[in-house]
Number of protein chains: 2
Amino acid sequence: MTDLTPTYRFAPAFQAPTGSAIRELFKYLSLPGMISFAGGYPATAFFDQPHLAAAAERALRESAVDCLQYAATDGLPLLREQLAGLMGRRGAAVTVDDLMVTTGSQQGLDLLIKVLLSPGERVLVECPTYPAALQAFRLAGLQVDSAVTDGDGLDTDSLAEQLARQPRGSLRLLYCVPTFANPTGACLPLERRLALLALAVEHDFLIVEDDPYGALRFTGQEVPSLLALAPQVDGASGRVVHLSSLSKVVAPGLRIGWLIAPAPIRQRCVIAKQTVDLCTAPWAQQIAALYLADGALERALPALARGYGEKCARMLAGLEGLSDVVQVSPPQGGMFIWGRCRGGVDASALLQRAIEERVMFVPGSPFYAAHPDASSLRLSFAAPSLEQIDEGLLRLGRAAGRLL
Amino acid sequence: MTDLTPTYRFAPAFQAPTGSAIRELFKYLSLPGMISFAGGYPATAFFDQPHLAAAAERALRESAVDCLQYAATDGLPLLREQLAGLMGRRGAAVTVDDLMVTTGSQQGLDLLIKVLLSPGERVLVECPTYPAALQAFRLAGLQVDSAVTDGDGLDTDSLAEQLARQPRGSLRLLYCVPTFANPTGACLPLERRLALLALAVEHDFLIVEDDPYGALRFTGQEVPSLLALAPQVDGASGRVVHLSSLSKVVAPGLRIGWLIAPAPIRQRCVIAKQTVDLCTAPWAQQIAALYLADGALERALPALARGYGEKCARMLAGLEGLSDVVQVSPPQGGMFIWGRCRGGVDASALLQRAIEERVMFVPGSPFYAAHPDASSLRLSFAAPSLEQIDEGLLRLGRAAGRLL
């Protein structure tokens, strides 16, 4: 007799996959009065709602068909022009043809993995790194190695030694967030950027530069992106893929990202995108294009960076009072403060107490490809208000007091 | 000396990938006066712009944060409720928990491939079938076999014989568009649907039912979806995955699709989506949710189906005058008429002449997994106006006259 029960079989990486550890924390968000330093959500109060509403109204009124119909897979020409212009203002000479629109920068990484890599191949990430990149690599069956970082990001001297121990070409791709990294907030200094580019040429690997936070600098000196610097290093231009997004500077709800890559890679990403979602929501693309064309983002950015800077300063000030509990590195931009619990305290144990006190953060473990530092933690100052930051840190202090 | 030129290496399926053959035709669309029967684009004149504009205005005014912030990976609860209700009206008892939102139904297929299949495994498609599904399977390194169809879709007797020659469990997945298929327009009759479900149980494979067109019936008797019928066949309920989309009935520009699958599959698709695009554009989700909640789609559907029915009838009437050139099967719904050139004429050769006459269609080859019928072609009546249908068929007649 035939067994009627379905026997589901899954791809190897999906036999028993674990979801995002950060998303697992979401259930605590709905506890009454919870203050969250956990997510990487932008501040809802900072959304430029009036100008987005104006762009949305104009988009449908003036170009309904562009909004509602299918679009070219690589994106609406008007948006690609605007994004190329934005990259130019960020110091990278990019034409419309160098760039494709993606459904958030997360999709850029997914397309690159599809196009470039096969299960078992080796990629390198910063230690610690962005968990959704780590998860994307793992679910694609890739081997993920870590590169040493310090308070300034990737330690390129260590990286040079690490690479020297391997045959040239054995590393396929290095993924990094060099500007205001998630989770560390670190900004890679100019000389390390140039060293990293030279290493990519010497050891023949691709650099994927993920840059969602770069425009959110609130202190210190501007440092050009790896993409902008590549022409200064012989042979490096063909080895940088740049991902960015409007999620942190305009709104995640648009799901608008972009990918800049050498033609052979970019063309294949477009082919892959035909099978992935055909095109990024044209309505959202048209709204974003008009918002950018109006100059609204350029006008909004200074206040945005100032606003996040103010929140960061407030959190750092509050953390000074907790210096016996947690030791942190002050960032120059972005949305995150990275730290370590003092006295051998485990960040997960602290989180349990913190949740009881109605404050949340992310323990550091999900950010490590291997050998997590159990004392590490990430605090985001982006979403909470200044008052919530003050109150949340008081609660964190109480939670820590109960542990010590 | 180190060679500075990058040596790009790609995943095996991306060494020399070919893009969509249909998208390759796009360049001819811009020729002056071109009439296209080629794409599967909905009619822009049928977009319900006033009600979409109202939903969009309300979405941002009443729920700006839902629109602009990140959303849960499986979709906004309000939209999932509306889509579950819509499935109920289509005869399938579905709860909010059975369903996840996807970035178009194309993403549903991409997630399923990621979660379920490994390179080298075998899937079965209708012959002919939807090219972007074929391409998705191929770029994932899968082996794609074809199942025989006739004017009523999948020939389930042939399929039973085909499956009987293989060990149980050797087929992982069958992908089909049973209701108004792309490209054939065929609607699988009730008894064949039940037979197909029984075969899935007997041979232990999953059916992926892609149903973007089912609501666009303009003649004949309603037939329930495979999802709706599955509970009538012992053991079949756990073997149907259903994909659908608002692209053909509301607007492709929203990129809103959905996936209904047994929990072990759906949960893994959500995990995969975390690495793919985090969530489908919340702004588009909220607009779609309010549009559906208002009852606008239900009110629009009868006129929509009537409108496409009128276009289809007009094209069929015109094709009667070309019956010495092309032989076609009249569909009961959807957007496509499938045909064969008479007299051994190659559809690609006819297309060249047709383009000179400023009319386009899609030659059938890209719809075949193997052994294409070079005489076959697909005509879409959806996008052109009634007058363009008349004029386009006159031009097609002239193009054929020059070939014969």
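The values are calculated or read from the model by the stated rules, or taken from the named source; none is laboratory data. Everything numeric in this text was worked out from a predicted model, so none of it was measured. With ideal geometry, Cβ positions are generated from the backbone for all residues, glycine too; neighbour counts draw on all protein chains shown. Each accessible area value is taken on the protein alone, full model and side chains, heavy atoms only, with ligands, DNA and RNA left out. Shrake-Rupley method; radii C 1.70, N 1.55, O 1.52, S 1.80 Å.
Summary of values
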read-out	value
Given (1) more than 24 Å from A:R122 (Cβ to Cβ); (2) open to solvent by less than 10 Å² (accessible area, probe 1.4 Å); (3) of a type outside the set (D, E), number of the condition A:P224 does not satisfy	(2)
Pair list, Cβ under 9 Å, 6 or more apart: segment A:229-242 residue charged (D, E, K, R), other residue surrounded by fewer than 18 Cβ atoms within 10 Å (Cβ to Cβ)	A:D234/A:A198; A:D234/B:L4; A:R239/A:P262
Test set (1) away from chain A (no Cβ under 14 Å); (2) touching a residue at least 60 places away in the same chain (Cβ under 8 Å); (3) farther than 30 Å from A:L254 by Cα - B:L83 fails condition number	(3)
Selected residue (only one of B:A186, B:A160, B:A147 is in contact (Cβ under 8 Å) with a residue 12 or more places away in the chain and within 17 Å of the chain's Cα centre (by Cα))	B:A186
Hits in segment B:155-166 (condition: part of a loop (DSSP other than H, G, I, E, B) and in contact with a helix residue (DSSP H, G or I) (Cβ under 9 Å, 6 or more places away or on another chain))	B:D155, B:Q166
Of the criteria (1) more than 8 Å from chain B (Cβ to nearest Cβ); (2) at pLDDT below 95; (3) surrounded by fewer than 17 Cβ atoms within 10 Å (Cβ to Cβ); (4) under 25 Å from the mean Cα position of the chain (by Cα), which one A:A16 fails	(4)
Filter result (among the hydroxyl-bearing types (S, T, Y) and surrounded by fewer than 18 Cβ atoms within 10 Å (Cβ to Cβ)) within segment B:375-404	B:S385
Cross-chain or 6+ apart pairs with Cβ under 6 Å, segment A:322-337 first and modelled with pLDDT under 95, then open to solvent by less than 10 Å² (accessible area, probe 1.4 Å)	A:V325/A:A400
Failed condition for A:G104, given (1) in contact with a Gly (Cβ under 6 Å, 6 or more places away or on another chain); (2) more than 8 Å from chain B (Cβ to nearest Cβ); (3) buried (at least 22 other Cβ atoms within 10 Å of the Cβ)	(2)
Residue within segment B:64-71 that is within 30 Å of A:R168 (Cα to Cα) and either within 10 Å of chain A (Cβ to nearest Cβ) or over 23 Å from the mean Cα position of the chain (by Cα) (or both) present	no
Only one of A:Q221, A:Q274 that is within 11 Å of another protein chain (Cβ to nearest Cβ) and polar (S, T, N, Q)	A:Q274
Test result for A:P77, in contact (Cβ under 8 Å) with a residue 12 or more places away in the chain and within 8 Å of chain B (Cβ to nearest Cβ)	no
Some residue of segment B:287-301 being within 11 Å of chain A (Cβ to nearest Cβ) and either out of contact with any Phe, Trp or Tyr (no Cβ under 6 Å at 6 or more places or on another chain) or surrounded by fewer than 24 Cβ atoms within 10 Å (Cβ to Cβ) (or both)	yes
Sole residue being open to solvent by 30 Å² or more (accessible area, probe 1.4 Å) and at the interface with chain A (Cβ under 10 Å from one of its Cβ atoms), chosen from B:T95, B:T5	B:T5
Selected residue (only one of B:S237, B:S225 is of a type in the set (S, T, N, Q), in the same structural domain as B:R168 (by TED's automatic domain parsing) and in contact with a strand residue (DSSP E or B) (Cβ under 9 Å, 6 or more places away or on another chain))	B:S225
Strands (runs of 3 or more DSSP E) contained in segment B:86-151 and holding at least 1 residues within 19 Å of B:L254 (Cβ to Cβ) and modelled with pLDDT under 95	none
Selection status of B:L124, more than 14 Å from chain A (Cβ to nearest Cβ), hydrophobic (A, V, I, L, M, F, W, C), touching a residue at least 24 places away in the same chain (Cβ under 8 Å) and under 16 Å from B:P178 (Cα atoms)	yes
Some residue of segment B:244-258 being touching a helix residue (DSSP H, G or I) at 6+ places or on another chain (Cβ under 8 Å), open to solvent by 20 Å² or more (accessible area, probe 1.4 Å) and in contact (Cβ under 8 Å) with a residue 12 or more places away in the chain	no
Filter result for B:V345 (out of contact with any Asp or Glu (no Cβ under 7 Å at 6 or more places or on another chain), crowded, with 23+ Cβ neighbours inside 10 Å and either under 26 Å from B:P189 (Cβ atoms) or away from every other protein chain (no Cβ under 13 Å) (or both))	no
Count of segment B:203-242 residues which are acidic (D, E) and more than 27 Å from B:L111 (Cβ to Cβ)	2
Members of segment A:37-63 that are of a type in the set (K, R) and either more than 9 Å from every other protein chain (Cβ to nearest Cβ) or touching a residue at least 24 places away in the same chain (Cβ under 8 Å) (or both)	A:R58
Selected residue (criterion: farthest from A:L254 (Cα to Cα)) from residues of segment A:23-70 that are open to solvent by 30 Å² or more (accessible area, probe 1.4 Å) and of a type in the set (V, I, T)	A:V65
Positions within segment B:123-140 being open to solvent by 20 Å² or more (accessible area, probe 1.4 Å) and farther than 20 Å from B:S247 by Cα, in sequence order	B:C127, B:R138, B:L139, B:A140
Residue check, A:I265 within 11 Å of chain B (Cβ to nearest Cβ) and closer than 25 Å to A:P131 by Cα	yes
Which listed residue, of B:L86, B:L79, B:L112, is of a type outside the set (S, T, Y) and over 19 Å from the mean Cα position of the chain (by Cα)	B:L79
Matching residues in segment B:111-122 - criterion: being open to solvent by less than 10 Å² (accessible area, probe 1.4 Å) and either closer than 16 Å to B:A13 by Cβ or β-branched (V, I, T) (or both)	B:V115
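Yes/no per residue for (1) of a type in the set (F, W, Y); (2) within 14 Å of chain A (Cβ to nearest Cβ); (3) closer than 27 Å to B:P119 by Cα:
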{"site": "B:R168", "(1), (2), (3)": "no, yes, yes"}
{"site": "B:C187", "(1), (2), (3)": "no, no, no"}
{"site": "B:L190", "(1), (2), (3)": "no, no, no"}
{"site": "B:L199", "(1), (2), (3)": "no, yes, yes"}
{"site": "B:H242", "(1), (2), (3)": "no, no, yes"}
